[in-house]
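Data block below; observations after.
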Amino acid sequence: MDETTPETDAGLTEEIRARGHENVRAEHSSTVEVTTDDWLTPAGDCIVGVDADRPPAEFDETFVEACQSESATITAEFTVETDGEPLTDTLVGRGDPELTFEGDRSFVGRTSDYVDDRTVFVGADGAAADLDRALIDALAAGAPLTLTLTVEP
């Protein structure tokens, strides 16, 4: 296991660093997305972070394998710092045997069971539109974002 995927009492984790963008709206009701692209158009209403430091294709294989179980619980914790105070919100989904983590630009969490190469969790309890509005406002102002994905097999 390498240093990018520490094992804790809570499971395996992957931490992604990204940033907000003036076009972050987070209005999509069934998906949430973070991208390695450094730009965002107003049409990207599920995207909450841009310029991510790596895509799912670079995640540790141990983490990926743990996510490929239908019984896996995957937690996505979104954290921004504003005025020295952290704002955090969490979405919880599950794994799926069809998850490939082959996306080389972005990753998507979904409330549905749909899976493609960008999907990192399905069956989520929320999406972009459900995230805390203060957190989204900070991202729209360009705040740095830390996304921590944790899988519990």
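Brief remarks follow.
Table: residues versus (1) of a type outside the set (Gly, Ala, Ser); (2) in contact (Cβ under 8 Å) with a residue 40 or more places away in the chain.
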site	(1), (2)
81	yes, yes
84	no, no
115	yes, no
134	no, yes
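- Condition check for residue 76: under 21 Å from residue 55 (Cβ atoms), touching a Leu at 6+ places or on another chain (Cβ under 7 Å) and assigned to a loop (DSSP other than H, G, I, E, B): no
- Of the candidates 107, 101, 121, the single residue that is among the hydrophobic types (A, V, I, L, M, F, W, C), touching a residue at least 12 places away in the same chain (Cβ under 8 Å), in a loop (DSSP other than H, G, I, E, B) and touching a helix residue (DSSP H, G or I) at 6+ places or on another chain (Cβ under 9 Å) is 101.
- Among the residues of region 30-69, those identified as in a loop (DSSP other than H, G, I, E, B) and farther than 30 Å from residue 134 by Cβ are 60, 68, 69.
A short reminder: the numbers here are calculations on the coordinates, not readings from a lab. Note that this is a predicted model, so its numbers are computed, not measured. Heads up, the Cβs are rebuilt from the backbone with ideal geometry, glycines too, and the neighbour counts pull from every protein chain shown.
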